[in-house]
Amino acid sequence: MKFGIRNTLHLCLPSLLILIVLSTEASDPSSIIARFQQYLQINTAQPNPEYKQAAEFIISQAKSFSLESHTIEFVNGKPLILLKWLGTNPALPSILLNSHTDVVPAEHQKWTHHPFGAHMDDNGNIYARGSQDMKCVGMQYLEAIRRLKASGFQPLRSIHLSFVPDEEIGGNAGAGTFSQSEVFNILNVGIVLDEGLPSPSENYRPFYAERSPWWLVIRTTGAPGHGAKLYDNTAMENLLKSIETIRRFRASQFDLVKAGLRADGEVVSVNMVFLKAGTPSPTDFVMNLQPSEAEAGFDIRVPPNADPGSLERRIAEEWAPTSRNMTFSFKQKEPLHDKFGKPFLTATDRSNPWWTLLEDAVRKPGGKLGKPEIFPASTDACYFREQGIAAIGFSPIANTPNLLHDHNEFLNQDEYLKGIEIYESIIKAFASFVDPERDRSSTDEL
Ligand SMILES: *[C@@H]1O[C@H](CO)[C@@H](O)[C@H](O)[C@H]1NC(C)=O
Ligand SMILES: [Zn+2]
């Protein structure tokens, strides 16, 4: 039916009107949702994401409203798409809207709808891997910019959008390399927006920091012996003593969360993720032998305001003491401070004008903002904060259960559409911002 109407107009009205019809068509809710579904249907699940298809889709979207686009492959076959809307004063620090194009895998059989079908049910819930994490955000940025362009808005500051690969496998080939590159440097980024988490309440959840992963492995040796003999200094006993100590520490941190004194992201979390010990037999393990070695692995997450020195001492003196024949190493150990030695966090008070702008911009179209939080896991935002750049994790998803990496991940179409309005407001505020403190020199040059 729509085609019929458009064709008739085509025959009898000037092309200006056709443009208006086409552009209203591009902005009607059903087309907006259809584009979101199209992006969701591209299977970018690790470990074999369809990066090429995703890149082509994003570039075609950008072209449809004349955004400049570049494809950069820091690693072959892993494209990063960089889009640009030039500001009227490109000398001012710019805005970077970041999103990752990959998603985690999905177990198809356990979903009620196919994870790459983007099926919408009668309630308007759209089911797909990536509907929350974070293809929604990438598309919402684009839709918000499409609308701002159509409204005649002119950004003062340049706006960049990065669609990065590999976040779900650590981000080294994507945001990691990008944030340290000359390409990034010349963008002169003042503020980065990246992903947050869905909120089951009506308040959106902003994130100003994240915990650094410390992946610890502790090992011990001890005298081997008969399984029937009771004696001191076995490897198993040594390891168990450490595990008990670590468990007590874990409980003390968890108690703070349970008592409501700290949020998830504000404590040091420790979880045992592997145990390796025993003497293998051809079919199983030898049962009457106490092994001479044992080892265990822990995923530790450290908030930026923790004291890394005291945690390091705790590990060396209590969790893996040489007096119990223990050694330890880290599979990964991210710093708690950026390259300028400042704690890895973005200020959420008056000292950071971007924060104040965000607060006001979310409220203007009726959005509600919760208290800023520390992200409990990791995102690409840490790479930008490491460069000393302000970064806020924010996904405009309220009234929605958090189904990141879970079965039946979904987003309601109304929530998605509302999110576009929120971004429109934020981008407008960020891109128009004149900083009386910092921008004087670059404004004087004009
Ligand atoms: C350390 O290991 C050696 C054997 O490797 C053992 O003889 C000794 O008793 C162990 N000491 C402790 C404290 O476990
Ligand atoms: Zn994500």
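Are any of the residues in segment 280-298 polar (S, T, N, Q), within 16 Å of ligand 1 (Cβ to nearest atom), under 29 Å from Lys333 (Cβ atoms) and in contact with a Lys or Arg (Cβ under 7 Å, 6 or more places away or on another chain)? No: segment 280-298 contains no residue that is polar (S, T, N, Q), within 16 Å of ligand 1 (Cβ to nearest atom), under 29 Å from Lys333 (Cβ atoms) and in contact with a Lys or Arg (Cβ under 7 Å, 6 or more places away or on another chain). Given the options Glu266, Glu295, name the one that is within 30 Å of Lys371 (Cβ to Cβ), buried (at least 17 other Cβ atoms within 10 Å of the Cβ) and not assigned by TED's automatic domain parsing to the domain that holds Ala377. Checking each option against the conditions leaves just Glu266. Taking the criterion of being touching a residue at least 24 places away in the same chain (Cβ under 8 Å) and out of contact with any helix residue (DSSP H, G or I) (no Cβ under 6 Å at 6 or more places or on another chain), the residues of segment 175-194 that qualify are Thr177, Gln180, Ser181, Val183, Leu187, Asn188, Val189, Gly190, Leu193. In segment 251-272, what residues are aliphatic (A, V, I, L, M) and at pLDDT 95 or above? Result: Ala251, Leu256, Val257, Ala259, Leu261, Val267, Val268, Val270, Met272. Only residues that are more than 16 Å from ligand 1 (Cβ to nearest atom), on the phi < 0 side of the Ramachandran plot and outside any helix (DSSP H, G or I) were counted in segment 305-357, giving 26.
Would you check if Gly265 is within 16 Å of ligand 2 (Cβ to nearest atom) and either touching a residue at least 24 places away in the same chain (Cβ under 8 Å) or part of a helix (DSSP H, G or I) (or both)? Yes. Restricted to segment 378-413, and to residues there that are among the aliphatic types (A, V, I, L, M) and touching an Asp or Glu at 6+ places or on another chain (Cβ under 7 Å), the residue that is nearest to ligand 2 (Cβ to nearest atom) is Leu404.
Which one is farthest from Gln290 (Cα to Cα), of the residues in segment 212-232 that are within 16 Å of ligand 1 (Cβ to nearest atom) and either part of a strand (DSSP E or B) or within 18 Å of the chain's Cα centre (by Cα) (or both)?
Among those that are within 16 Å of ligand 1 (Cβ to nearest atom) and either part of a strand (DSSP E or B) or within 18 Å of the chain's Cα centre (by Cα) (or both), it is Ile218.
Any residue at all in segment 197-219 that is free of Cβ contacts under 8 Å to residues at least 60 places away in the same chain and either more than 23 Å from Pro343 (Cα to Cα) or more than 16 Å from ligand 2 (Cβ to nearest atom) (or both)? Checked against the condition, which is being free of Cβ contacts under 8 Å to residues at least 60 places away in the same chain and either more than 23 Å from Pro343 (Cα to Cα) or more than 16 Å from ligand 2 (Cβ to nearest atom) (or both), segment 197-219 yields no hits at all. Residues that are of a type in the set (A, V, I, L, M, F, W, C) and within 10 Å of ligand 2 (Cβ to nearest atom) were ranked within segment 124-143; the one that is nearest to Thr379 (Cα to Cα) is Met134. Under the condition of being within 28 Å of Asp435 (Cα to Cα) and part of a loop (DSSP other than H, G, I, E, B), the residues counted in segment 67-96 number 9. Ala118 meets all of the listed conditions (1) within 16 Å of ligand 2 (Cβ to nearest atom); (2) at pLDDT 95 or above; (3) small (Gly, Ala, Ser) but one, namely (1). Of all residues in segment 41-81, those satisfying the criterion of being within 25 Å of Ser27 (Cβ to Cβ) and among the small types (Gly, Ala, Ser) are Ala54, Ala55, Ser60, Ala62, Ser64, Ser66, Ser69. Only one of the listed residues (Val273, Val267) is touching a Gly at 6+ places or on another chain (Cβ under 8 Å) and of a type in the set (A, V, I, L, M, F, W, C). That residue is Val273.
To keep it simple, each residue is scored yes or no on (1) part of a loop (DSSP other than H, G, I, E, B); (2) modelled with pLDDT under 95; (3) touching a strand residue (DSSP E or B) at 6+ places or on another chain (Cβ under 7 Å).
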site: Glu359; (1), (2), (3): no, no, yes
site: Ile374; (1), (2), (3): no, no, yes
site: Cys382; (1), (2), (3): no, yes, yes
site: Pro396; (1), (2), (3): yes, no, yes
site: Thr400; (1), (2), (3): yes, no, yes
site: Glu421; (1), (2), (3): no, no, no
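Using the structure shown, decide if Ser242 is surrounded by 17 or more Cβ atoms within 10 Å (Cβ to Cβ), at pLDDT 95 or above and within 16 Å of ligand 2 (Cβ to nearest atom). Taking the combined requirement at face value, the residue does not satisfy it.
Close Cβ contacts (under 6 Å, 6 or more residues apart or on different chains) running from residues in segment 225-249 that are of a type in the set (Val, Ile, Thr) to residues that are assigned to a loop (DSSP other than H, G, I, E, B) and more than 16 Å from ligand 2 (Cβ to nearest atom) comprise Thr234/Gly222. Filtering segment 153-167 for residues that are under 27 Å from Lys52 (Cβ atoms), charged (D, E, K, R) and either under 20 Å from the mean Cα position of the chain (by Cα) or modelled with pLDDT under 95 (or both) leaves a non-empty set.
The values are calculated or read from the model by the stated rules, or taken from the named source; none is laboratory data. Nothing here was measured: the structure is a model prediction, and the numbers come from that model. So basically every Cβ, Gly included, is an ideal-geometry build from the backbone, and we count neighbours across all protein chains shown.
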